[in-house]
1. Starting with the fewest neighbours, write out 370, 356, 41, 158 ranked by other beta-carbon atoms found within 10 Å of each beta-carbon.
2. Just to verify a number: FRET efficiency for residue 33 and residue 160, C-beta to C-beta distance, R0 = 22 Å, to 0.05?
3. Starting with the highest mean, order 280-291, 68-79, 388-399 by the number of other Cβ atoms within 10 Å, averaged over the residues of each peptide.
4. Which shape class, rounded, prolate or oblate, goes with the stretch 134-207 when its Cα gyration tensor gives a ≥ b ≥ c as root eigenvalues, a/c under 1.5 marks rounded, and past that a/b bigger than b/c marks prolate?
5. Indicate the gyration tensor shape class of the stretch 1-130 (rounded, prolate or oblate), computed on the Cα atoms with a ≥ b ≥ c the square roots of the eigenvalues: a/c under 1.5 is rounded; otherwise a/b larger than b/c is prolate and the rest oblate.
6. In the stretch 61-86, whose amide N lies under 13 Å from the spot 7 Å out along Cα-to-Cβ of residue 5? List them in ranges.
7. Placing +1 at every Lys and Arg Cβ and -1 at every Asp and Glu Cβ, with all other atoms neutral, what dipole size does the stretch 134-207 have around its Cα centre, in debye to the nearest 20?
8. Applying 1/(1 + (r/R0)^6) with R0 = 41 Å to the Cβ-Cβ distance of residue 101 and residue 173, what FRET efficiency is obtained, to the nearest 0.05?
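Please treat every number below as a calculation from the coordinates, not as lab data. Since the structure is predicted, the reported quantities are computational estimates derived from the model, not experimental observations. Cβ: placed from backbone, ideal geometry, glycine included. Neighbour counts: every protein chain shown.
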Amino acid sequence: MALYTKAAEILEKSEKKQGALKTLVYDSKFAKIKQLFALVCETQKFSSVLEEIIESTKLLKQTKLKMPLAKVLVYDMLIGQGLKCGGTWKVMLMKHRSRLQAALARMKVKQKVHRNEDLLPVSVQQSARDRLPRYVRVNTLKTSVNDAVDYLKRDGFCYQGQASRLEDLTLREKDFVKDLYLPELLVFSPKMDFHDHFLYKAGHIILQDKASCLPAHLLSPPPGSHVIDACAAPGNKTSHLAAIMENKGKLFAFDLDAKRLSTMSTLLLRAGVLCHQLANQDFLKVDPGNAQYKDVEYILLDPSCSGSGMVCLRDNTSHDQSEDQARLVSLASFQLRCLNHALRFPRLKRLVYSTCSIHSQENEDVVTACLQQNLNFRLVHLLPQWPERGLEPLTQCLRASTTKTRTHGFFVALLEKHKKSVTMKQEQKLNEDCFSLVFSHIVPEDNDVPRVCNETPEDSETEDKQEPEADLVARGPTDSTAGKKKKRKRGKKKKNKTEAKTE
Ligand SMILES: C[S@@+](CC[C@H](N)C(=O)[O-])C[C@H]1O[C@@H](n2cnc3c(N)ncnc32)[C@H](O)[C@@H]1O
């Protein structure tokens with residue numbers, strides 16, 4: 001209850017202009033300061049939406065709550081983490097839950113949107129993007145972090161050392177810091193733009209959102225290892241992997257899209273990547289038994305997804321809700337197939353799965369289904385200090401968001417092969433038990449091609465400004481076969497289910 005009382009108190013003071021939100025939070029000396037800050041910021045962001053819901057349901061009259069406290073509670077119940085604490089308030093609010101949920105749903109229908117964020121005034125949505133810091137990854141294939149820092153200092157920037165926290169860091173225009181979690185990452189003010197900077201043009205720095213640096217950093221293949229980047233274009237994660245591998249070993253990179261691969265080739269050249277082998281190939285058709293992949297121990301899988309985490313790409317046009325659901329189901333099915341396929345490489349030790357989606361259907365649900373079908377793999381608990389975790393129970397995984405990590409929305413899971421392998425018989429038995437529980441709701445009823453996002457947060461940085469030739473048209477994992485598929489889909493419906501089950 002203390003969290004909600006304190007948050008309401010701060011909101012009220014902020015509305016009365018008694019101080020800046022951040023100052024009020026820190027002055028409160030509340031024990032869980034990060035949790036309080038996130039709750040207050042988010043509630044304030046959704047303030048107008050919450051007010052409308054509270055007024056339309058006459059909640060204040062019926063509960064005798066005051067508006068700031070009602071906003072905080074309704075935020076957490078409908079939009080946030082769910083009311084985890086709250087004592088008697090929680091009990092009281094739960095009685096009104098369905099009416100409040102209905103009011104939220106009505107607002108979405110009225111405004112023809114599907115996500116809570118889309119209800120926010122455009123200025124708020126825009127400002128979330130404008131407030132994201134500029135992240136710069138030092139390309140250690142071409143320079144060192146210290147040399148880059150020295151160069152930037154000589155260029156008039158003001159180095160502030162290593163950040164101790166980033167969630168609420170304020171940087172003046174020329175200030176920059178080293179990131180807390182990623183050793184090669186520098187963090188600048190949202191106002192900075194490095195597209196014309198010498199270090200960028202020379203390939204010494206890569207403009208890549210912090211969340212999108214996580215997959216290669218967490219996979220961390222040692223120099224000399226054999227690695228696959230399954231859905232690789234435009235290749236920022238590939239170049240990050242090559243840097244971690246110090247250009248030693250083999251990096252097999254696949255992508256279906258020839259145009260994106262050609263952009264990738266240019267970017268890799270500029271970044272000084274030498275250990276790669278690019279292939280314009282469907283990853284699902286790459287044979288895990290092929291001798292050239294016999295030593296592959298690491299895979300990075302960053303498949304096409306809905307892109308719902310990318311602030312700049314959020315699509316506010318109205319769609320049919322069932323169409324959106326079908327699209328997610330279809331994407332999740334594709335992602336699960338890629339994941340299952342990747343785990344078939346015989347010497348695989350570790351795999352990172354990532355998306356720039358905020359939907360659990362593409363994230364936790366895919367990983368859960370995959371683990372239940374591949375008992376030889378387990379999740380690794382990632383960066384204990386990272387402020388945003390995968391949704392329960394997959395808290396080993398990481399999530400990222402504009403509010404909690406000041407990045408685009410992102411999800412990362414790291415799967416590792418068990419030392420002791422599970423016998424085929426055990427696996428078959430467990431698969432049978434688990435299948436009906438988890439996988440059944442991911443298998444598409446219909447195999448229509450979804451609208452997909454093939455961009456990652458860094459695409460918006462590198463491609464739209466730097467590489468005009470880049471193909472930014474979202475393309476489905478199986479676009480080229482869309483026409484044929486539609487004709488075949490009825491007959492295939494049954495077959496798809498069987499394939500998925502046995503893969
Ligand atoms: C999210 S983007 C990858 C971004 C990339 N990992 C990066 O960091 O720059 C997904 C990519 O998967 C590719 N793709 C989709 N289906 C594929 C398949 N079946 N096999 C290989 N690549 C595929 C798309 O063309 C797209 O370039």
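1. 158, 41, 370, 356
2. 0.60
3. With the highest mean Cβ count within 10 Å placed first, the list reads 68-79, 388-399, 280-291.
4. prolate
5. oblate
6. 86
7. 100
8. 0.40
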